[in-house]
1. Looking at segment 28-53 only, could you name the residues that are more than 12 Å from F79 (Cα to Cα) and more than 16 Å from ligand 1 (Cβ to nearest atom)?
2. Looking at E181, E106, E129, which one is farther than 30 Å from R78 by Cβ and away from ligand 2 (no atom under 16 Å from the Cβ)?
3. Among the listed residues P43, P95, identify the single one that is at pLDDT below 95 and either over 21 Å from I213 (Cα atoms) or under 16 Å from the mean Cα position of the chain (by Cα) (or both).
4. How many residues does segment 83-111 hold that are under 12 Å from L67 (Cβ atoms), touching a residue at least 24 places away in the same chain (Cβ under 8 Å) and of a type in the set (G, A, S)?
5. Within segment 6-62, how many residues turn out to be among the hydroxyl-bearing types (S, T, Y) and touching a residue at least 60 places away in the same chain (Cβ under 8 Å)?
6. Out of everything in segment 3-27 that is in contact with a strand residue (DSSP E or B) (Cβ under 7 Å, 6 or more places away or on another chain) and surrounded by fewer than 20 Cβ atoms within 10 Å (Cβ to Cβ), what residue ends up being farthest from Y75 (Cα to Cα)?
7. Mind listing whichever residues of segment 128-142 are among the β-branched types (V, I, T) and surrounded by fewer than 21 Cβ atoms within 10 Å (Cβ to Cβ)?
8. Can you tell me which residues in segment 66-91 are of a type in the set (G, A, S), assigned to a loop (DSSP other than H, G, I, E, B) and at negative phi?
Amino acid sequence: MEIIVAPSLLSCDFSRLKEEVETVEAAGADWIHLDVMDGHFVPNITFGPGLVEAVRRCTKLPLDVHLMIDNPDDYLERFIQAGADWLTIHQEIAPHLHRTLARIRELGVKAGVSVNPSTPFSTVIPVMEMADLLLIMTVNPGFGGQKFIPSVLAKIREARAHIESRKLNTKIEVDGGIGPETSPLVKEAGAEVLVAGASIFKSGDYRKTIEQIRGSKP
Ligand code: DX5
Ligand code: ZN
């Protein structure tokens with residue numbers, strides 16, 4: 001399984017956004033992860049489609065947009081128009097998950113569903129066929145630089161076994177507290193897409209950190 005490293009811009013220097021995106025791309029990033037927060041679903045506010053569109057103009061890499069907002073259905077089109085290639089919504093805030101995931105696909109991009117650390121994998125089993133991506137949060141969403149929650153590893157294993165047994169194409173992504181120390185654990189458990197914010201952007205050497213996170217194949 002090819003590991004995909006997706007730096008989260010949440011921890012970049014926004015006063016130098018273009019340079020940060022270009023530097024992390026040159027350093028080997030596979031995707032760019034964008035955290036959209038509204039101050040309701042999570043206790044933090046970040047940015048909206050305008051910034052996603054600005055990042056779209058800085059890179060050709062796939063944009064992986066992680067929506068942590070109330071009423072995600074009202075904003076799907078806007079984020080897709082802004083340039084999202086992957087659009088992920090949270091199980092906890094999407095009452096009609098099946099319909100929303102189908103809508104994202106209809107709009108022509110890849111659909112992702114995310115579960116918080118306290119949300120069981122079983123809650124998304126009914127929609128797994130609709131999901132191109134399963135984002136398993138390894139911290140409580142809201143902030144960069146938090147500590148990895150090891151109890152989530154069991155959920156990653158459970159999801160990997162389910163995906164293999166049904167021969168689904170869903171990719172497992174992890175997000176939160178991922179760096180050179182924790183990446184071997186999540187890869188071993190079955191994660192394929194590794195989001196990392198602070199560990200990359202707070203390091204002096206983006207290339208080295210991305211290489212360490214990607215590591216050797218599990
Ligand atoms: C957290 C966000 C993450 C965040 C990860 O709510 O979804 O994408 O940027 O940051 P680190 O890698 O610093 O834990
Ligand atoms: Zn995220």
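The values are calculated or read from the model by the stated rules, or taken from the named source; none is laboratory data. No experiment lies behind these values; they were computed from the predicted model shown. All Cβ positions, even for glycine, are placed from backbone atoms using ideal geometry, and neighbour counts span all protein chains on display.
1. G28
2. Testing whether each residue is farther than 30 Å from R78 by Cβ and away from ligand 2 (no atom under 16 Å from the Cβ) leaves just E181.
3. Details: P43 fails: at pLDDT below 95.
Exactly one of P43, P95 is at pLDDT below 95 and either over 21 Å from I213 (Cα atoms) or under 16 Å from the mean Cα position of the chain (by Cα) (or both), namely P95.
4. Final tally of qualifying residues: 2.
5. Here is the first cut: in segment 6-62, the ones among the hydroxyl-bearing types (S, T, Y) are 8, 11, 15, 23, 46, 59.
Checking which are touching a residue at least 60 places away in the same chain (Cβ under 8 Å) leaves us with 8, 11, 23.
Qualifying residue count for the region: 3.
6. Start the filter on segment 3-27 by keeping residues that are in contact with a strand residue (DSSP E or B) (Cβ under 7 Å, 6 or more places away or on another chain), which leaves 3-10, 21, 24.
If we keep only those that are surrounded by fewer than 20 Cβ atoms within 10 Å (Cβ to Cβ) too, we end up with 3-4.
Numbers: I3: 30, I4: 26 Å.
This residue is I3.
7. Here is the first cut: in segment 128-142, the residues among the β-branched types (V, I, T) are 136, 138-139.
Result: V139, single match.
8. A84
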